[in-house]
Amino acid sequence: MSAQIKRSVSLYSYQDEYYSGKLDLEGCLAETAKAGATGVELLAEEMIRQFPNPILTEEFQEQWKGWMAKYGLTPTCYDAFLENRIFDNRTLSLGEQVEMMERDLKLASLLGFQSLRTLVSTPMDVIEGSLAYAEKVGVKIGLEVHAPFSLNSTWADGYMELIRRSGSRYFGFIPDMGIFCRRVPDVVTDKWRRMGAREDCIAVVDDAYCGRVEKGFVKIRYDLNLGKANMEYRNANGLAVLTEQLQKMNAGPADFGYLNSSYTYSWSDPQDIIDNIDHIVHCHAKCYNTTADYRETAVAIPEVVAAYRKAGYDGYLSTEYEGGESLRDALPVDGIEQVRRHQEALRRAIEVQ
Amino acid sequence: MAGRQIYDPEGFRNVEKDGKTEGFSFRFKLQYYRGITLSIIRDIKVTVDGKTYPREDVRLSVNGETFTLEETRTVISPLYRWEFGDFATVTVLTEGGLSAGKHHISTVQVVAPSYMPFQLEPVCEADFEIN
């Protein structure tokens with residue numbers, strides 16, 4: 001019998017409903033269950049007031065466990081934000097950062113999470129310094145692999161070396177499906193169109209994106225100066241050339257805005273999932289716009305899920321709806337419906353014969 | 001259909017102290033997806049009808065406490081986070097406040113999440129009326 005991939009929802013997906021007061025934390029959990037997921041991913045700083053205090057109380061822990069039972073949910077991933085520049089005059093010391101990571105690992109374990117998402121800005125020695133504690137509390141640290149980063153890259157090599165060196169099974173990767181975009185999400189294009197981007201300029205940007213998908217992206221390299229690494233990455237993938245081209249077309253701010261925006265999406269070969277499956281602890285199933293007939297308009301769901309199936313993955317794919325950020329300036333956002341559709345799209349891809 | 005609501009439409013008012021109008025205030029929500037410690041706020045730039053007010057005249061209130069923007073730099077207590085989805089109150093000290101009638105506000109929330117190579121600087125615009 002083949003491994004069963006499970007489905008989760010990240011409560012990031014319901015941010016617009018939470019923001020407007022339509023859903024509270026329990027309401028989000030109810031919607032997660034209604035959408036058919038059996039797992040839930042939490043951003044404590046999004047929905048738990050006076051973070052982290054309540055999580056340390058038995059009262060909240062019991063309430064959380066009660067909700068998990070009531071809605072038939074399993075805690076999957078706890079999304080941490082290592083606020084290592086919490087003061088504006090310095091970066092926290094290594095010791096302070098490890099202390100913060102251990103705090104977050106503890107919070108995750110208190111709520112029953114199996115993994116903790118850390119961001120690409122997390123210094124490697126902070127991860128290494130926290131591994132013993134991660135093992136102690138039984139929570140795996142997962143480094144988010146978010147566009148423009150990718151597995152099978154020199155950026156990832158350093159982390160693979162850390163895995164080999166430490167021999168730890170408590171560190172791995174959390175691929176974000178935004179690294180499997182065949183095109184710029186249509187809601188993003190429409191937003192820039194609304195802001196005045198011209199069709200001829202949009203076509204230039206879209207054609208260039210397709211070209212990068214066909215040829216393969218030049219991969220970003222490791223540098224904790226993320227701004228610098230990102231600029232080098234963009235130029236290596238044609239940004240300077242395209243900027244010049246748009247300038248010659250007398251393009252306006254919205255056209256350049258769209259061009260820059262296109263570099264926040266990327267395409268990796270789904271084979272990357274198979275190659276790295278032993279080190280994948282969780283997955284952010286990023287989505288931007290899923291149609292009424294369950295097609296994600298940018299992310300290659302069938303191909304990526306097929307790779308997970310082939311690799312024998314039995315962890316969670318966790319819906320992370322992000323389309324709202326392209327809509328909310330001018331249009332209503334329906335995270336509930338988008339999550340429902342995306343969960344169905346995942347289900348179909350997982351259960352395909 | 002309009003986009004999301006940022007400002008509390010009922011929140012615009014002049015602020016009086018000891019019988020004098022010492023400024024005006026408004027309430028708005030953070031344009032981000034999680035609550036934050038006040039220490040990662042780098043600035044709140046307030047412009048009304050084209051006039052930008054000095055940073056030292058801006059006050060931020062959450063959970064019943066009021067801070068200057070110099071003070072928020074060191075506020076890390078869980079008690080005083082700007083919670084996601086909650087209105088925070090901004091008070092701008094300016095003698096006489098705003099005139100009765102229609103106005104336009106443009107505010108920039110400058111926030112620096114540690115993991116981002118850049119700051120968030122969402123511009124928040126609205127028309128409002130002072131009675």
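The values are calculated or read from the model by the stated rules, or taken from the named source; none is laboratory data. All figures in this text were calculated on a predicted structure; none of them were measured in a lab. For neighbour counting, all protein chains shown are included, and Cβ atoms are generated from backbone atoms with ideal geometry for every residue, glycine included.
List of remarks:
- Of residues in the range B:83-131 being within 30 Å of A:Arg49 (Cα to Cα) and of a type in the set (S, T, N, Q), the one surrounded by the most Cβ atoms within 10 Å (Cβ to Cβ): B:Gln109
- Filtered residues of the range A:158-208 (kept if surrounded by fewer than 15 Cβ atoms within 10 Å (Cβ to Cβ) and either touching an Asp or Glu at 6+ places or on another chain (Cβ under 6 Å) or not in a helix (DSSP H, G or I) (or both)): A:Gly167, A:Arg169, A:Gly196
- Meets criteria (in contact with a strand residue (DSSP E or B) (Cβ under 7 Å, 6 or more places away or on another chain), within 14 Å of chain A (Cβ to nearest Cβ) and buried (at least 16 other Cβ atoms within 10 Å of the Cβ)) for B:Thr37: yes
- Residue in the range A:189-203 that is within 26 Å of A:Asp157 (Cα to Cα) and not assigned by TED's automatic domain parsing to the domain that holds A:Tyr288 present: no
- Subset of the range A:108-129 [within 21 Å of A:Gly315 (Cα to Cα), assigned to a helix (DSSP H, G or I) and touching a residue at least 40 places away in the same chain (Cβ under 8 Å)]: A:Leu110
- Checking the range B:80-103 against the condition returns no match, with no residue being at pLDDT 95 or above and touching a His at 6+ places or on another chain (Cβ under 9 Å).
- Restricting the range B:56-115 to residues that are in contact (Cβ under 8 Å) with a residue 12 or more places away in the chain and of a type in the set (Asp, Glu), the residue that is nearest to the other protein chains (Cβ to nearest Cβ) is B:Glu83.
- A:Met177 meets all of the listed conditions (1) under 25 Å from A:Asp329 (Cα atoms); (2) touching a Lys or Arg at 6+ places or on another chain (Cβ under 7 Å); (3) not assigned by TED's automatic domain parsing to the domain that holds A:Gln338 but one, namely (3).
- Some residue of the range A:102-115 being surrounded by fewer than 22 Cβ atoms within 10 Å (Cβ to Cβ), under 22 Å from A:Ile141 (Cα atoms), within 12 Å of another protein chain (Cβ to nearest Cβ) and hydroxyl-bearing (Ser, Thr, Tyr): no
- For A:Arg7, the requirement of being touching a residue at least 24 places away in the same chain (Cβ under 8 Å) and not aliphatic (A, V, I, L, M) is met.
- Any chance A:Phe149 is of a type in the set (Phe, Trp, Tyr), surrounded by 14 or more Cβ atoms within 10 Å (Cβ to Cβ) and farther than 23 Å from A:Asp275 by Cα: no
- Selection of the range A:41-83 for residues being under 19 Å from A:Ser115 (Cα atoms), surrounded by fewer than 15 Cβ atoms within 10 Å (Cβ to Cβ) and either touching a Gly at 6+ places or on another chain (Cβ under 9 Å) or facing another protein chain (nearest Cβ under 9 Å) (or both) yields only A:Lys65.
Matching residues to (1) under 11 Å from A:Phe180 (Cα atoms); (2) within 15 Å of the chain's Cα centre (by Cα):
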| residue | (1), (2) |
| --- | --- |
| A:Trp267 | yes, yes |
| A:Asp272 | yes, no |
| A:Val281 | no, yes |
| A:Glu296 | no, no |
| A:Val304 | yes, yes |
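- Complete set of residues in the range A:42-59 that are under 17 Å from B:Ser114 (Cα atoms) and touching a residue at least 60 places away in the same chain (Cβ under 8 Å): A:Ala44
- Selection of the range B:65-82 for residues being surrounded by 15 or more Cβ atoms within 10 Å (Cβ to Cβ), in a loop (DSSP other than H, G, I, E, B) and of a type in the set (D, E, K, R) yields an empty set.
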